[in-house]
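Novice: Okay, handing you the structure first.
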Amino acid sequence: MEELLQVANLVANKLNSRFEGTPEQRWSLQALKLQEEAGEVAQAVIGALGVNPNKGHSHTWDHVRAEACDTALTALVLLHMMGGDPEWFLAEHLRGIKAKAEGWEATA
């Protein structure tokens, strides 16, 4: 997990150094990039299931995993771009999600 956060910070710094717009513009474009990556996950799932009649089985489940990794990294890049303490913010947010998930009832 530490390496993931380091890579996200590196990518965020490189992207921030190349963009001359406002911080909000950078964040907005990165949010759009995140949506693009999520779409690539969906495309890979469709390909893995073979439900597109024009393409058939065009992807594997490993493609889905790779696109999910790209999506996760893109989200963390956005978090790093926005500044503050992204690792603290992520940890706090995950604590809240964990508390909710622990309260879910198991289904059979």
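Any read-out appearing in this document is the output of simple, stated calculations on the displayed coordinates, not a laboratory observation. Quick caveat: nothing in here was measured; it's all calculated off a predicted structure. All Cβ positions, glycine included, derive from the backbone under ideal geometry; neighbour counts span all protein chains shown.
Novice: Quick one: which of 14-22, 1-9, 60-68 comes out on top by average Cβ neighbours within 10 Å, and what's the full order, highest first?
Specialist: Working: 14-22: 11.0, 1-9: 12.7, 60-68: 15.0.
Output ranking for 14-22, 1-9, 60-68: 60-68, 1-9, 14-22.
Novice: Determine the sum of side-chain charges near Asn9: Lys and Arg each +1, Asp and Glu each -1, restricted to other residues whose C-beta is under 14 angstrom from that of Asn9. Provide the component values of the computation, followed by the final result.
Specialist: Values: positive: Lys14; negative: Glu2, Glu3, Asp85, Glu87.
Cβ neighbours under 14 Å give a net charge of -3.
Novice: Evaluated at 20 °C with a viscosity of 1.002 mPa s, what Stokes-Einstein diffusion coefficient in µm²/s does region 1-47 have when Rh comes from the Kirkwood expression over alpha-carbon pairs? Don't skip to the end; give the middle numbers.
Specialist: On the way: Rh = 12.2 Å.
The calculation lands on 175 µm²/s.
Novice: What value in Å³ per residue do you get for the convex hull of the alpha-carbon atoms in the chain? Can you show the working numbers first?
Specialist: On the way: hull volume 16.0 nm³, N = 108.
Roughly 148 Å³ of hull volume per residue.
Novice: Can you tell me the Rg and the Dmax, both Å, for the Cα atoms in region 45-108?
Specialist: Cα radius of gyration and Dmax of region 45-108 are 17.4, 47 Å respectively.
Novice: Hey, another quick one. Among the complete DSSP H segments of the chain, which ones combine at least 20 Å of alpha-carbon extent along their axis with a mean Kyte-Doolittle hydropathy of 0.0 or more? Could the numbers behind the result be given before it?
Specialist: Numbers: long enough: 2-18 (25 Å, -0.18); 23-49 (39 Å, -0.13); 61-81 (30 Å, 0.55); 86-102 (24 Å, -0.51).
Helices meeting the criterion: 61-81.
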